[in-house]
């Protein structure tokens with residue numbers, strides 16, 4: 001479970017996609033980022049743009065400003081971002097036992113994130129339905145309506161998904 005939490009913290013929202021950055025993937029795989037990127041380039045036909053893309057300078061600067069571990073990352077080339085499908089494809093080009101183990105855990109994390117998002121959406125809808133019910137049935141008692149709104153607002157704030165990365 002601890003490993004899943006660690007991986008979850010390495011998933012960023014860029015261009016509306018959940019992605020992982022090449023240098024952090026390389027660290028998880030216990031290889032150099034150059035080795036990872038060379039393996040990808042040797043098998044580039046396996047990585048269409050919906051599996052992997054290179055960050056723009058603006059995206060990289062935004063990410064570096066928000067994530068402390070990237071601030072000192074001075075690299076010659078802009079990093080690559082891998083979507084869930086791209087990470088899955090990495091298991092085919094990085095054939096080590098460690099790569100397979102890491103990929104299994106990353107896939108589990110993506111599945112858990114999707115399930116959490118679905119659960120939160122359903123819970124949020126139930127809260128909205130409850131709010132509507134109280135509006136219809138308690139409209140004559142202003143004090144109760146105000147207290148109910150305060151309680152619902154508190155619950156809604158606590159169930160909002162936290163920002164994993166940034167919107168690029």
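Values in this text are rule-based calculations from the coordinates and carry no lab data. Fair warning: this is a prediction, and the values are worked out from it, not measured in the lab. Cβ placement follows ideal geometry from the backbone for every residue including glycine, while neighbour counts extend to all protein chains displayed.
Taking 0.36 nm per residue of separation and subtracting the current Cα-Cα distance, fully stretching the chain between residue 105 and residue 38 would add 21.8 nm.
With r as the distance between the Cβ atoms of residue 77 and residue 112 and R0 = 22 Å, compute the FRET efficiency 1/(1 + (r/R0)^6) and round to 0.05. Walk me through the numbers before you get to the answer.
Working: r = 32 Å, r/R0 = 1.43.
Step by step, r from the Cβ atoms, then E = 0.10.
With only the Cα atoms considered, region 2-116 has a convex hull volume of 106 Å³ per residue. How high is the FRET efficiency between residue 95 and residue 65 when r is their beta carbon distance and R₀ equals 30 Å, given to the nearest 0.05? E between residue 95 and residue 65, to the nearest 0.05, is 0.25.
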